[in-house]
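The structure under discussion appears below in the form of structure tokens.
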């Protein structure tokens, strides 16, 4: 498996119906799991950290860059978009047209350590979701989100803080148990 991907850590679990495009651009950290029915375009570069879980029916598309840090998770049906055609006019759009006639906007999505995205969250290109951030189901994220915050709503608003100290304490106990 490791010769197909840029890097594959130990104890990585990939379910049989996951589809990878550009897998030679994908690095997968130790103990990460990617469930069935996930579509993952590795784009320019994709780094999946340790202990990351990507749930069924999620997709990573766009051809840009992705970083998902350790202990982060995507719930079922998440859409991570790392690049897109500019649909405002002045160019042709979609993959059936060669790049010279399109206005591609390639970006990067960063999902911080311990961040969790609820079901059916959509993340647009050039967004950073801070460490420890939680985003409620159905949100469309088109701006950077602050660390250790809980966001909710279609256009997510910060509703409260998250207990950083407790989570980092649990992480330390967990990682000390296998070091």
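Remarks
- When 132, 138, 107 are checked against the criterion of being closer than 23 Å to residue 65 by Cβ, modelled with pLDDT of 95 or more and out of contact with any strand residue (DSSP E or B) (no Cβ under 7 Å at 6 or more places or on another chain), a single residue qualifies: 132.
- For the stretch 92-99, the condition holds for no residue, the condition being that it is in contact (Cβ under 8 Å) with a residue 60 or more places away in the chain, surrounded by 13 or more Cβ atoms within 10 Å (Cβ to Cβ) and touching a strand residue (DSSP E or B) at 6+ places or on another chain (Cβ under 6 Å).
- Inspection of the stretch 171-179 identifies no residue that is in a loop (DSSP other than H, G, I, E, B) and touching a strand residue (DSSP E or B) at 6+ places or on another chain (Cβ under 9 Å).
- Failed item in (1) part of a loop (DSSP other than H, G, I, E, B); (2) farther than 18 Å from residue 118 by Cβ, with residue 77 passing the rest: (2)
- Test: residue in the stretch 71-87 that is at positive phi, in contact (Cβ under 8 Å) with a residue 12 or more places away in the chain and in contact with a helix residue (DSSP H, G or I) (Cβ under 8 Å, 6 or more places away or on another chain): yes
- Residue 46 within 17 Å of residue 109 (Cα to Cα) and crowded, with 16+ Cβ neighbours inside 10 Å: yes
- Residue match in the stretch 112-128 (condition: surrounded by 15 or more Cβ atoms within 10 Å (Cβ to Cβ), over 23 Å from residue 67 (Cβ atoms) and either out of contact with any strand residue (DSSP E or B) (no Cβ under 7 Å at 6 or more places or on another chain) or modelled with pLDDT of 90 or more (or both)): no
- Filtering the stretch 162-169 for residues that are in contact with a strand residue (DSSP E or B) (Cβ under 7 Å, 6 or more places away or on another chain) and not in a helix (DSSP H, G or I) leaves a non-empty set.
- Some residue of the stretch 20-36 being buried (at least 21 other Cβ atoms within 10 Å of the Cβ) and closer than 20 Å to residue 145 by Cα: no
The values are calculated or read from the model by the stated rules, or taken from the named source; none is laboratory data. Every value quoted in this text rests on a predicted model; they were computed, and no experiment measured them. Methodologically, a virtual Cβ is constructed for each residue, glycine included, from the backbone with ideal geometry; neighbour enumeration extends over all protein chains shown.
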